[in-house]
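Here is the structure we will look at, set down as structure tokens.
Bear in mind these aren't lab numbers, they're just calculated from the coordinates by the rules spelled out. Just so we're clear, the structure is a prediction, and the values are computed from it rather than from any experiment. Cβ: placed from backbone, ideal geometry, glycine included. Neighbour counts: every protein chain shown.
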Amino acid sequence: MAAAAASCCHGCWLLPLLLLLTAAAGALGAGGSSLELLDVKSLLLPAASCHTPEEQKPGTTRMPVVHRHGPCSPLAGKQGKAPSHTEILAADQRRVEYIHRRVSESTGRVRRKRGAAPVELRPGAPSSTSPSSLSSSTKSANLPVSSGSVVDTGNYVVPISLGTPAERFTVIFDTGSDTAWVQCEPCVVYCYQQKDPIFNPSKSSTYANISCSSSYCSDLDVSSCTGGHCVYGVEYGDGSFTVGFYAQDTLTLAYDTVKGFRFGCGERNRGLFGEAAGLLGLGRGSTSLPVQAYDKYGGSFAYCLPATSAGRGFLDFGRGAAAANARLTPMLTDNGPTFYYVGMTGIKVDGHLLSIPGSVFSTAGTILDSGTVITRLPPSAYEPLRSAFVKAMAARGYKKAPSYSILDTCFDLTGHQHQGKVALPPVSLVFQGGACLDVDASGILYLADVSQACLAFAANDDDTDVAIVGNTQQKTYSVLYDLGKKAVGFAPGAC
Ligand SMILES: *[C@@H]1O[C@H](CO)[C@@H](O)[C@H](O)[C@H]1NC(C)=O
């Protein structure tokens with residue numbers, strides 16, 4: 001019992017000792033009572049340069065993960081400046097609202113029909129005036145909003161290769177959606193600017209269209225038929241969309257290949273995909289990569305998101321991707337499609353379990369998401385977190401600062417830096433089975449500025465809205481998803 005608590009929350013047993021130390025050394029700066037040391041400068045964008053070289057391990061499926069707008073990203077640079085913090089947080093809010101809508105659709109009254117799309121999805125033949133004929137017809141035809149997300153905030157990218165010979169593309173990866181796609185030639189009217197050359201299926205000897213009569217075509221949430229070829233459509237919550245032929249080709253992940261991988265060859269695409277060539281869906285739905293390649297990888301993958309935008313993490317597939325020291329919690333699979341549900345049961349601040357009734361977490365349910373930036377909690381869980389955190393920060397002498405965008409609990413770190421670092425009270429998320437995410441120092445605060453560092457959590461509107469563990473809090477952990485074992489895991493210090 002005590003051992004479990006200690007492994008779950010590294011601050012607990014340290015606390016009495018540190019209190020003693022702090023009391024003894026009253027003159028010591030804020031750094032003296034540190035439990036989590038935050039390197040302030042490293043979190044302030046824009047990071048100057050890429051710190052970490054790209055490492056390749058021959059024979060593996062391990063791909064480097066970088067922040068889309070960071071200095072290590074092949075997409076960063078001249079074309080399009082990195083979005084501001086307020087833009088990122090506003091987009092994050094749109095993604096969360098979209099996830100909430102999808103969740104209530106799939107669990108609620110309106111269970112939508114799949115497959116039959118009473119709308120003409122025609123790749124390569126844009127209708128004249130409407131900027132988004134898919135989007136408008138979607139409304140009138142009451143088409144399901146397909147598996148997807150507001151990828152505007154899908155902040156992390158990986159290199160994949162498609163076709164024979166293999167062409168390399170940098171794509172967003174997203175556990176909040178299923179169907180993969182890339183922009184495809186011929187893509188004339190509705191294509192956005194991307195960094196890599198656009199995929200040309202006629203140059204790949206292994207490319208094939210999927211026929212409308214194929215069962216794979218009916219796996220799609222939104223599909224249609226043109227000349228016997230299956231047409232897919234994915235519309236995202238912010239009006240972004242991609243439409244094209246549903247196709248198959250060889251997918252290369254680092255040094256490994258998945259033959260006959262099914263993806264959308266997008267000839268009409270619009271949205272804020274920011275130079276990425278497309279998207280790799282890692283959800284639980286039948287069209288996602290981990291489900292398609294289940295026999296090969298056992299439905300198992302793991303990623304690590306780096307602490308700063310100048311760092312590198314990884315995305316890896318197969319049982320070998322799991323870290324031996326991962327703390328596991330059950331993957332809850334009865335809650336509808338796509339998303340990865342876990343059972344959050346509690347929150348610790350400064351080593352103390354907050355007093356939050358278990359029903360608060362069980363009512364809302366919790367999704368683990370790679371694309372949401374800021375963790376969203378039921379108001380009845382967020383309030384105790386906020387007040388405990390404010391108290392712990394006040395005890396360390398931090399002054400409050402004005403709220404920032406969706407973040408209402410901010411502090412002025414000016415003058416508190418001790419050799420560039422500040423001390424923070426530890427925050428831990430506790431899950432069923434005792435698994436615990438001791439949030440890395442880089443994931444406790446969201447730094448708009450040194451004078452405005454905000455608790456990187458926010459409240460949902462209502463206790464019935466699903467909670468979402470966002471990517472800020474996942475940083476530096478190897479986050480494991482195992483569809484075979486129905487488990488999710490966290491291993492610290494992985495990147
Ligand atoms: C796929 O379908 C499109 C549209 O009908 C066609 O132009 C293309 O040649 C097809 N590709 C293959 C490899 O069959």
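Each residue of segment 393-408 in turn: what ³J(HN,Hα) in whole Hz from Karplus with 6.51, -1.76, 1.60 and θ = phi - 60°, glycine and Pro shown as x?
Each residue's phi maps through the Karplus curve to give 6, 4, 4, 8, x, 7, 8, 6, 10, x, 5, 9, 6, 7, 9, 9 Hz.
So what J values fall out for segment 87-99 if you push phi through Karplus, 6.51 cos²θ - 1.76 cosθ + 1.60 with θ = phi - 60°, rounded to Hz, Gly and Pro as x?
In residue order, the calculated couplings are 5, 4, 6, 5, 5, 4, 5, 5, 4, 5, 4, 5, 4 Hz.
Shape call for segment 174-304 from the C-alpha gyration tensor, a ≥ b ≥ c root eigenvalues: rounded (a/c under 1.5), prolate (a/b greater than b/c) or oblate?
Values: a/c = 1.32, a/b = 1.17, b/c = 1.13.
Rounded, because the longest to shortest axis ratio a/c is under 1.5.
Ranking request for peptides 278-286, 84-92: highest mean number of other beta-carbon atoms within 10 Å first, then the rest in descending order. List each step's numbers first, then the result.
Working: 278-286: 25.4, 84-92: 17.7.
In decreasing order of mean packing, 278-286, 84-92 become 278-286, 84-92.
Can you classify segment 343-495 as rounded, prolate or oblate using the Cα gyration tensor, where a ≥ b ≥ c are the square roots of its eigenvalues, rounded means a/c under 1.5, and otherwise it's prolate if a/b beats b/c and oblate if not? Show your work: numbers first, answer last.
Details: a/c = 1.83, a/b = 1.42, b/c = 1.29.
It is prolate, given that a/c is not under 1.5 and a/b is the larger ratio.
Could you derive backbone 3J(HN,Hα) for segment 355-364 from the dihedral phi with the Karplus parameters 6.51, -1.76 and 1.60 (θ = phi - 60°), listing whole Hz in sequence and x where the residue is Gly or Pro?
Values, residue by residue: 7, 10, x, x, 5, 4, 6, 6, 5, 6 Hz.
With an 8 Å Cα cut-off and a minimum separation of 6 or more residues, compute the relative contact order for segment 271-390 in percent. Provide the component values of the computation, followed by the final result.
Working: 130 pairs, mean separation 18.9, N = 120.
It comes to 16 percent, rounded to a whole number.
Between HIS229 and residues 5 or more places away or on another chain, which pairs have amide H atoms under 5 Å apart, with H built 1.01 Å from N, and which residues are they?
CYS212
When the label point is put 7 Å from the Cα of GLN56 along its Cα-to-beta-carbon vector, which residues of segment 248-274 have a backbone N closer than 16 Å?
Within reach of a label on GLN56, which here means backbone N under 16 Å from a point 7 Å along Cα→Cβ, segment 248-274 contributes 252-257.
Given Cα pairs under 8 Å that are at least 6 residues apart, what percent is the relative contact order of segment 395-495? Working shown, then result.
Working: 146 pairs, mean separation 23.3, N = 101.
Once normalised by length, the contact order is 23 percent.
Among the listed pairs LYS57/LYS259; LYS203/LYS296; LYS391/LYS485, which have their C-alpha atoms separated by more than 29 angstrom in this model? The partial results should precede the final answer.
Details: LYS57/LYS259 21 Å; LYS203/LYS296 27 Å; LYS391/LYS485 40 Å.
The answer is LYS391/LYS485.
Starting with the highest mean, order 287-294, 243-250, 327-334 by the number of other Cβ atoms within 10 Å, averaged over the residues of each peptide.
On the way: 287-294: 22.1, 243-250: 24.1, 327-334: 17.1.
Answer by packing, highest mean first, reads 243-250, 287-294, 327-334.
Can you list the residues, at least 5 places off or on another chain, whose amide H is less than 5 Å from the amide H of THR257, using H built in the peptide plane?
It is none; the list stays empty.
Given contacts defined as C-alpha pairs under 8 Å and at least six residues apart, what's the relative contact order of segment 250-331, whole-number percent?
Numbers: 72 pairs, mean separation 13.2, N = 82.
Over segment 250-331, the number comes to 16 percent.
GLY484's amide H: which non-local residues (gap 5+, or another chain) put their own amide H closer than 5 Å, with H modeled 1.01 Å from N in plane and none for Pro or chain starts?
Here nothing satisfies the definition.
Which part of segment 262-298 falls in the paramagnetic zone of VAL189, meaning amide N under 15 Å from the point 7 Å along Cα-to-beta-carbon?
Residues passing the 15 Å test: 267-270.
Listed highest first by mean packing, meaning other Cβ atoms within 10 Å per residue, what order do 470-476, 53-59, 99-105, 208-214 come in?
470-476, 99-105, 208-214, 53-59
If I model a spin label at HIS352 and ASP449 as a point 7 Å from the Cα along the Cα→Cβ vector, what separation in nanometres do I get?
3.3
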